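> Mind looking over this structure? Questions follow.
The values are calculated or read from the model by the stated rules, or taken from the named source; none is laboratory data. Predicted model, so just to flag it, every value in this text is computed and none were measured. FYI the Cβ positions are ideal-geometry reconstructions off the backbone, even for glycines, and counts take in every protein chain you see.
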Amino acid sequence: MKINDCNHLKTDQTHSLNTVLPCRFFGCSLLVLLFVLVAAGPTWAQSGAGPINLFGYFQTGFEKYTSELSGENNRTSFLLQQANLFLQKDLAKNWTAFFSLEFLNNYSSGRRQGEFNLDEAWVRYRHSQKFSVKLGLQIPEFNHLNTIKNRTPLIPYIFRPLVYESALRETIFSVGESEYVPRQAFASIYGTLPAGAKKLDYAIYIGNSPNISNFEQNFQSGIDTSNTIMLGGRLGLRYGELKAGVSAAYDEWDIFRNFQVLVDSIDTDIGTLPRLRLGADLLFRYEKWSFESEYIRVIYDTDGSRLDFSKHFFYGNIGYDFSERYYGYINYGLMIEEPVGGIFPQPFNQPSIFEFIDNTDFKIHVPNAGLTFNPYDNLRFKSQIAHVRLRASDKTIFPGETFLVTAVSLSVYF
Amino acid sequence: MLSGSLCLWGQDRESDQIVVIAHEQVTVETLSLQQLRDFYLRDLMSWPDDQTIVLFDLKPRSETKKIFYEYLGKSSSRIKSIWLKKMLSGEGEPPEAVESEEAMVQKVAETPGALGFVRRKFVDTAVKIVMVIETAKK
C-alpha cells in the first residue's frame with residue numbers, strides 16, 4: 001500500500017444512528033437486568049443448574065504526581081480506581097454463564113467522569129480439561145497479564161505495567177494501551193493438554209478489529225465498521241513453578257480514521273492497516289522469590305511506505321514474599337515507539353492532527369517498586385512508587401518529561 | 001510390655017497420618033500426587049467418570065492443613081491466589097472451607113463427588129481413603 005495511491009482503500013464511514021440508545025437509558029436497563037437476575041435466581045431450578053454467585057472487588061486509594069521537568073501536571077487525587085461486579089451461574093452440567101461490570105476512575109455519569117464498561121458477558125461449555133468453548137464478550141488470552149490486568153486483588157500493582165494501565169492517560173497522552181494488547185474477543189476455544197507434570201495451555205479467539213469512530217461528540221455504535229476481524233491466540237507451557245508462553249493477534253486497524261492526514265499537502269484516506277501483535281511471557285517462582293516478565297511487539301504492514309509505527313514494550317518484575325502477609329517487588333517497564341508520524345491531540349474535542357516526524361523515536365521508562373500487606377485474605381493494602389521518564393530522540397520535537405508517582409491503595413474483594 | 005508399647009506407639013503415629021478422603025461412591029480407589037494437585041489447583045474439575053469434583057478445605061489454621069498444603073508443594077497464600085484467580089475468571093470456585101476435621105468427614109460423606117483431607121483418626125466407614133500423605137515426600 002503506497003501512501004500516495006490509496007483511493008482504492010477508501011472505507012465507507014457511514015454510521016447509522018437509528019439504533020442509538022441514550023447512555024442513561026442503557027445504564028438503567030443494565031441495573032434493572034441485574035436486579036431481575038439476582039431476584040429470580042433461586043426460582044430457576046434446573047437439572048445441573050446452580051445458584052447465582054455474586055461477587056466483586058474494588059480498589060481505592062490516593063495518588064500524587066510530581067512533575068520534575070516541566071513543573072506542569074502536578075496533582076494529587078483520591079480515587080476509586082476500580083470496582084468490578086460479577087455474576088456467575090452454572091446453567092447446566094458443563095455450562096456456565098459469566099457477567100462482569102466495571103467502574104473505573106471515580107466513575108460518575110452525572111459528573112461525566114471515569115468509565116463504566118460492560119467488561120465480560122459470556123457462556124462457556126466445558127467439554128473437558130482439554131477443550132472448552134467460550135462465546136460472548138470476553139477478555140482474550142494474550143501474554144500473562146491481559147486476562148487479570150483488572151483483577152486488582154490478584155496483582156500487587158496500583159499502577160500496572162504501562163500497556164495495561166489506563167489511569168495515566170491524562171498524563172501520558174501518547175500511551176495507546178489498546179494498541180498493544182487485544183481488549184475484547186467474542187469467541188474462543190481453549191484448554192490444557194496434560195503431559196505428566198507438564199501442561200500445555202492453548203487458546204484461539206476471534207473478535208472485532210477496533211474500527212470504531214473516535215469522535216467523542218458523536219455517539220459511537222460500538223460496531224466494527226470494517227469487514228475485518230481480529231484473530232489471535234496463546235500457546236503456553238506450565239511446569240512446576242515455571243510458566244511461559246507466546247501470543248499473537250492479527251487484525252486491521254483504520255488508524256487514520258477521523259484524523260486529517262496531510263501528505264505533501266494532499267488529503268488522503270489511507271484506510272485500514274494490517275497489524276500484528278506478538279507477545280511472550282515468562283514467570284517462575286523459587287521459594288519466596290518470584291519473577292515475571294513480558295515482551296510485546298506491534299508491527300504495522302505499511303507496504304514500505306514512510307509510515308512505520310512499530311512499537312515495543314517490555315516489563316520485568318522481581319518479587320519476594322517476606323511472609324504470608326507481606327510482599328515486596330521491584331519492577332521496570334520500557335515502552336519504545338518508533339513513529340515516523342505523530343498523532344497530536346487538539347483541545348476541545350477537535351480531531352487530532354497527524355504530522356510526520358522523521359527519525360524520531362519515543363521512549364517511556366518506568367522503574368518502580370511497591371509493598372503489599374494482607375491483614376486478611378480478602379483485604380490488601382498496596383503502596384507503590386514509580387519514576388516515569390518520557391524521552392524523544394529529537395528534543396526539539398518533544399523536550400521530555402519526568403514524573404514521580406506515589407500511591408497507596410486498598411484492595412477489597414467480597 | 002515393651003512390644004505392647006511399641007504397638008500402641010505405632011497406632012498413635014498411624015492415627016495422626018493425614019489421609020485424603022472421598023465420597024464412598026467415587027469410582028477412583030487411589031489418587032496420585034499429580035492428580036491431587038490437579039484437583040486442588042482446579043486444573044481438573046471432574047472425576048474420570050465425569051462426575052463433578054466437590055472440594056473441601058479446612059478453615060482454621062492447623063497442622064493438618066499446613067502439612068496438606070506442603071504436600072501439594074504450594075504455600076497457603078499461593079494456593080489461595082490460584083483459587084481466587086479461577087473464581088474471578090469464571091473458571092472455578094474455591095473449595096468450601098469447613099470448621100473442623102469432624103465436619104470435613106461429615107461433608108465428604110454426604111456430598112457426591114466430594115474430596116477432602118483429615119487425620120486418619122477422624123475417618124469412619126462413611127468415606128473412603130484414596131491417598132495416604134507421606135510427609136517426607138513432595
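The rows are residues; the columns are (1) closer than 22 Å to A:Tyr327 by Cα; (2) modelled with pLDDT under 85.
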{"position": "A:Leu137", "(1), (2)": "no, no"}
{"position": "A:Leu145", "(1), (2)": "yes, no"}
{"position": "A:Ser166", "(1), (2)": "no, yes"}
{"position": "A:Ser174", "(1), (2)": "no, yes"}
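> Quick check on this structure: which one of A:Ser383, A:Ser393 is out of contact with any His (no Cβ under 6 Å at 6 or more places or on another chain), polar (S, T, N, Q) and surrounded by 16 or more Cβ atoms within 10 Å (Cβ to Cβ)?
Values: A:Ser393 fails: surrounded by 16 or more Cβ atoms within 10 Å (Cβ to Cβ).
Only one candidate qualifies: A:Ser383.
> Check off (1) within 28 Å of A:Pro51 (Cβ to Cβ); (2) facing chain A (nearest Cβ under 10 Å) for B:Ala126 and give me the number that stays unchecked.
With (1) within 28 Å of A:Pro51 (Cβ to Cβ); (2) facing chain A (nearest Cβ under 10 Å) applied to B:Ala126, the lone miss is (2).
> So if I check each of A:Leu154, A:Leu118, A:Leu80, which one is within 14 Å of another protein chain (Cβ to nearest Cβ) and hydrophobic (A, V, I, L, M, F, W, C)?
Values: A:Leu118 fails: within 14 Å of another protein chain (Cβ to nearest Cβ); A:Leu80 fails: within 14 Å of another protein chain (Cβ to nearest Cβ).
Criteria check complete, one pass: A:Leu154.
> Against the condition more than 25 Å from the chain's Cα centre (by Cα) and either assigned to a strand (DSSP E or B) or at pLDDT below 90 (or both), how does A:Ser70 come out, does it pass? Let's see the steps before the verdict.
Values: more than 25 Å from the chain's Cα centre (by Cα): yes; either assigned to a strand (DSSP E or B) or at pLDDT below 90 (or both): yes.
Criteria met by A:Ser70.
> Checking the conditions here, which among B:Ser89, B:Ser62, B:Ser32 is within 13 Å of chain A (Cβ to nearest Cβ) and either over 18 Å from B:Val130 (Cβ atoms) or crowded, with 18+ Cβ neighbours inside 10 Å (or both)?
On the way: B:Ser62 fails: within 13 Å of chain A (Cβ to nearest Cβ); B:Ser32 fails: either over 18 Å from B:Val130 (Cβ atoms) or crowded, with 18+ Cβ neighbours inside 10 Å (or both).
Within the list B:Ser89, B:Ser62, B:Ser32, the selection yields B:Ser89.
> Taking only the stretch A:74-108 into account, find how many residues are among the small types (Gly, Ala, Ser), touching a strand residue (DSSP E or B) at 6+ places or on another chain (Cβ under 7 Å) and exposed (fewer than 15 other Cβ atoms within 10 Å of the Cβ).
Here is the first cut: in the stretch A:74-108, the ones among the small types (Gly, Ala, Ser) are A:77, A:83, A:92, A:97, A:100, A:108.
When the remaining residues are screened for being touching a strand residue (DSSP E or B) at 6+ places or on another chain (Cβ under 7 Å), the result is A:77, A:83, A:97, A:100, A:108.
The next check asks that each one be exposed (fewer than 15 other Cβ atoms within 10 Å of the Cβ); those that pass are A:77, A:108.
Here the count works out to 2.
> Counting only residues that are part of a loop (DSSP other than H, G, I, E, B) and surrounded by fewer than 20 Cβ atoms within 10 Å (Cβ to Cβ), which one in the stretch A:176-196 is modelled with the highest pLDDT?
First pass over the stretch A:176-196, keeping only residues part of a loop (DSSP other than H, G, I, E, B): A:176, A:181-184, A:196.
Within this subset, residues satisfying the condition of being surrounded by fewer than 20 Cβ atoms within 10 Å (Cβ to Cβ) are A:176, A:183-184, A:196.
Numbers: A:Gly176: 55, A:Arg183: 89, A:Gln184: 92, A:Gly196: 80.
The residue in question is A:Gln184.
> Looking only at the stretch B:40-59, which residues are in contact (Cβ under 8 Å) with a residue 12 or more places away in the chain, under 13 Å from B:Gly113 (Cα atoms) and within 11 Å of chain A (Cβ to nearest Cβ)?
If the condition is that a residue be in contact (Cβ under 8 Å) with a residue 12 or more places away in the chain, under 13 Å from B:Gly113 (Cα atoms) and within 11 Å of chain A (Cβ to nearest Cβ), then B:Met45, B:Pro48, B:Gln51, B:Thr52 are the ones that fit.
> Show the residue pairs meeting these rules: Cβ distance below 9 Å; 6+ apart or different chains; first residue within the stretch A:182-208 and farther than 15 Å from A:Arg277 by Cα and touching a residue at least 60 places away in the same chain (Cβ under 8 Å); second residue part of a strand (DSSP E or B) and among the acidic types (Asp, Glu).
What qualifies is A:Gly191/A:Asp201; A:Thr192/A:Asp201; A:Leu193/A:Asp201.
> Scan the stretch B:65-77 for residues that are touching a residue at least 24 places away in the same chain (Cβ under 8 Å) and within 11 Å of chain A (Cβ to nearest Cβ) and jot them down.
Selection gives B:Gly73, B:Lys74.
> Looking at (1) more than 14 Å from chain B (Cβ to nearest Cβ); (2) without any contact (Cβ under 8 Å) to a residue 40 or more places away in the chain, which one does A:Phe98 not meet, given that it meets all the others?
A:Phe98 satisfies every listed condition except (1).
> Report whether or not A:Thr406 is polar (S, T, N, Q), surrounded by fewer than 21 Cβ atoms within 10 Å (Cβ to Cβ) and not in a strand (DSSP E or B). Spell out the reasoning first.
Details: polar (S, T, N, Q): yes; surrounded by fewer than 21 Cβ atoms within 10 Å (Cβ to Cβ): yes; not in a strand (DSSP E or B): no.
Here the answer is no, as A:Thr406 does not meet what is asked.
> Tell me the helices (runs of 4 or more DSSP H) entirely within the stretch B:25-138 that contain at least 2 residues that are over 26 Å from A:Pro153 (Cα atoms).
It comes to B:33-40, B:63-72, B:101-110.
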